[in-house]
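The values are calculated or read from the model by the stated rules, or taken from the named source; none is laboratory data. This structure is a prediction, so every number in the text was calculated from the model and none was measured. Reconstructed Cβ throughout: ideal geometry from the backbone, glycine too, with neighbour counts over all protein chains shown.
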Amino acid sequence: MGDGRQQNDRTSVWARTALAGPRFDSLRGAVRADAVVIGAGYTGLCCALDLAERGHKAVVLEARELGWGGSGRNAGQWLPGWAGRTPQSVADEFGAERGRALNRFNLAASQTLPGFVESLGIAAELDRSGILMVAHTPKRFAALRRAFEDWLELGGDVTLIGRGDVGGFLATSRYFGGLLFGDGGMINPLAYARGLARSARAAGARIFARSPAIRISRERDRWRVETPDGSVTAYFLALCTNAYTGDLWPTLGRSFYRLRVAMIASEGLAEGGRGFMPAGVPFADTRALWPFGGRLTSDGRFVASVLPHSSRRASPAVLARGFDARFRRVFPGRAPPRWSQSWCGDLCVVPNRIPRLYCLGPGAMAAMGYSGAGIALGTALGRELARCLVGDVALDGPVPVLHPHPAPFARTMPWLFRHAIAPVARMAERIF
Ligand SMILES: Cc1cc2nc3c(=O)[nH]c(=O)nc-3n(C[C@H](O)[C@H](O)[C@H](O)COP(=O)(O)OP(=O)(O)OC[C@H]3O[C@@H](n4cnc5c(N)ncnc54)[C@H](O)[C@@H]3O)c2cc1C
């Protein structure tokens, strides 16, 4: 199981603003089920919900509390798109037909998310105002124009924003234009995870918190998962542990880069932040090393993801130094927000940044690798995982189905990112 000491989960803005979660017991004794799902983030909860809706007895085991992982810590912004990749690069890698199917899977994940959340009656501050990408150089604006054409052709709700119109979104003249993703938006991420847990339970799934899976074995035609005080035996096994997989399934735990990201949240802003974000639309710029951007919350705070610090005790103000320097350059004459909270979380980044399903054995699969874009994709892939497990869809869908294999330098890369790449990028933030 992943190490949680440094996670600061109680200091997240979402822990203060999300509706209290339902209370779940920990597992005691032996339980039999059709499927056992490990991990209660979006992927595991959507998988369990789908299984339960199809009449399968599903049991969810969560090591800590519901939404403890990335699902309760993220920035709460979803949009169609792959982390750092364009639809064209996906088509180049997978071929025109498969690449198109993958891009459409991604787009559909974003387009269906609001309806899905609403159909479950989850109160999670859903906001469909879109997400704006802004170009920090003319070359990047040309790239946004190409992305605009790609997403438009795929059926996306995208609008190219000329340089003169950026001011309607951001009180700055620093950017060369933008691309507004109308299929994106904002959500309170922890409230969403908690709502999913309620829905999965209402559909019949049994959920156990504070019940880490510590051993997995095969007994005749079933999987047996042990926790400190109990066990579950089931025909199907779904591993939905994402960046926090650890050594539970060693080949899976080495198949990705576990990269730490820090989050900062401000005190409530004057005018709810509309002074510098008049439309209230979340934004990110096109800087490759670390984009500048963020979102407002329903109670008028600003939330941004920033580079991690090598010290675990870095205060919100220290974490925000690079961000503040950029804020002053982008919004001259305005003071940066006053930061009051910080927390961090781990991304599960796979080398090609395309999420995947893994075959682990008979009736056993995992879904992971969202590489920082898992709100919509985790929701969609969790449900896809359920269908693949029980054989309702073939395994040749758009999402790659692989056997886990180690990512190159899987252990070294997170260290390098935190102790070498992040400090250099932080210095660059303060200069450029
Ligand atoms: C700081 C940060 C910001 C992000 N921002 C965004 C964003 O704005 N937009 C976006 O789309 N995505 C974002 N992401 C990514 C997104 O949060 C994740 O991709 C998504 O939450 C993954 O969901 P999941 O259910 O697969 O995994 P998780 O939510 O991480 O859940 C995995 C769960 O498995 C549990 N677990 C692990 N081991 C065991 C075990 N042995 N037994 C039982 N349980 C176990 C963990 O406790 C955890 O609760 C961000 C991520 C981070 C960390």
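Every residue, every condition in (1) crowded, with 16+ Cβ neighbours inside 10 Å; (2) of a type in the set (S, T, N, Q); (3) assigned to a loop (DSSP other than H, G, I, E, B), yes or no:
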residue	(1), (2), (3)
Gly72	yes, no, no
Ala75	yes, no, yes
Arg98	no, no, no
Gly115	no, no, no
Met133	yes, no, no
Glu149	no, no, no
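Identify the single condition in (1) modelled with pLDDT of 95 or more; (2) within 11 Å of the ligand (Cβ to nearest atom) that Ala96 does not satisfy, given that it satisfies every other one. The failed condition is (2). Listed conditions (1) within 26 Å of Arg215 (Cβ to Cβ); (2) over 17 Å from the mean Cα position of the chain (by Cα) are all met by Gly70, apart from (2). The one condition from (1) at pLDDT below 95; (2) outside any loop (DSSP other than H, G, I, E, B); (3) of a type in the set (S, T, N, Q) that Thr379 does not meet is (1).
Pairing each residue of segment 35-61 that is modelled with pLDDT of 95 or more and in a helix (DSSP H, G or I) with any residue that is more than 15 Å from the ligand (Cβ to nearest atom) and aliphatic (A, V, I, L, M), provided the two are 6+ apart or on different chains, yields C-beta distances under 6 Å for Leu49/Ala203; Ala52/Ala203; Glu53/Ala203. Considering only segment 265-289, state which residues are in a strand (DSSP E or B) and closer than 20 Å to Arg430 by Cβ. Scanning segment 265-289 gives Ser266, Ala284, Asp285. Taking the criterion of being near the ligand (Cβ under 9 Å from one of its atoms), farther than 13 Å from Asp346 by Cα, out of contact with any Asp or Glu (no Cβ under 8 Å at 6 or more places or on another chain) and among the small types (Gly, Ala, Ser), the residues of segment 366-389 that qualify are Ala376, Gly378. Reported count of residues in segment 15-34, each being in contact with a helix residue (DSSP H, G or I) (Cβ under 9 Å, 6 or more places away or on another chain) and modelled with pLDDT of 95 or more, is 2. The test for being away from the ligand (no atom under 15 Å from the Cβ) and within 29 Å of Ala203 (Cα to Cα) holds for Ala123. Name the single residue, out of those in segment 78-96 being touching a helix residue (DSSP H, G or I) at 6+ places or on another chain (Cβ under 9 Å) and closer than 27 Å to Ile38 by Cβ, that is surrounded by the most Cβ atoms within 10 Å (Cβ to Cβ). Filtering first and then ranking leaves Trp78.
One line per residue, one yes/no per condition, for (1) within 12 Å of the ligand (Cβ to nearest atom); (2) over 25 Å from Ala142 (Cα atoms); (3) touching a His at 6+ places or on another chain (Cβ under 7 Å); (4) of a type in the set (D, E, K, R):
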{"residue": "Glu271", "(1), (2), (3), (4)": "no, yes, no, yes"}
{"residue": "Met277", "(1), (2), (3), (4)": "no, no, no, no"}
{"residue": "Pro282", "(1), (2), (3), (4)": "yes, no, no, no"}
{"residue": "Pro291", "(1), (2), (3), (4)": "yes, no, no, no"}
{"residue": "Arg295", "(1), (2), (3), (4)": "yes, no, no, yes"}
{"residue": "Ser305", "(1), (2), (3), (4)": "yes, yes, no, no"}
{"residue": "Ser311", "(1), (2), (3), (4)": "no, yes, no, no"}
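The residues of segment 232-269 that are touching a His at 6+ places or on another chain (Cβ under 7 Å) and within 9 Å of the ligand (Cβ to nearest atom) amount to a single one, Ala262. The set of residues in segment 320-350 being within 16 Å of the ligand (Cβ to nearest atom), outside any strand (DSSP E or B) and in contact with a Pro (Cβ under 9 Å, 6 or more places away or on another chain) consists of Ala320, Phe323. If you check Arg338 against the conditions, is it in contact with a strand residue (DSSP E or B) (Cβ under 7 Å, 6 or more places away or on another chain) and in contact (Cβ under 8 Å) with a residue 60 or more places away in the chain? Against the criterion (in contact with a strand residue (DSSP E or B) (Cβ under 7 Å, 6 or more places away or on another chain) and in contact (Cβ under 8 Å) with a residue 60 or more places away in the chain), Arg338 qualifies. Only residues that are within 22 Å of the chain's Cα centre (by Cα) and not small (Gly, Ala, Ser): list them for segment 417-432, please. Residues satisfying the conditions are Phe417, Arg418, Ile421.
Residue-by-condition table, conditions (1) surrounded by 15 or more Cβ atoms within 10 Å (Cβ to Cβ); (2) under 18 Å from Leu79 (Cα atoms); (3) touching a Lys or Arg at 6+ places or on another chain (Cβ under 9 Å):
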| site | (1), (2), (3) |
| --- | --- |
| Glu125 | yes, yes, no |
| Gly130 | yes, yes, no |
| Ala143 | yes, yes, no |
| Glu153 | no, yes, no |
| Asp157 | yes, yes, no |
| Gly162 | no, no, no |
| Gly182 | yes, yes, yes |
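Of the strands (runs of 3 or more DSSP E) lying entirely inside segment 212-264, those containing at least 2 residues that are within 21 Å of Pro355 (Cβ to Cβ) and at pLDDT 95 or above are 230-239. For segment 248-279, a residue qualifies if it is among the acidic types (Asp, Glu) and either closer than 16 Å to Leu307 by Cα or touching a residue at least 60 places away in the same chain (Cβ under 8 Å) (or both), and exactly one does: Glu267. Kindly provide the set of residues from segment 246-284 that are surrounded by fewer than 16 Cβ atoms within 10 Å (Cβ to Cβ) and among the hydrophobic types (A, V, I, L, M, F, W, C), ordered by number. Matches in segment 246-284: Ala270, Ala279. If the condition is being away from the ligand (no atom under 11 Å from the Cβ) and buried (at least 21 other Cβ atoms within 10 Å of the Cβ), then segment 208-231 contributes only Trp223.
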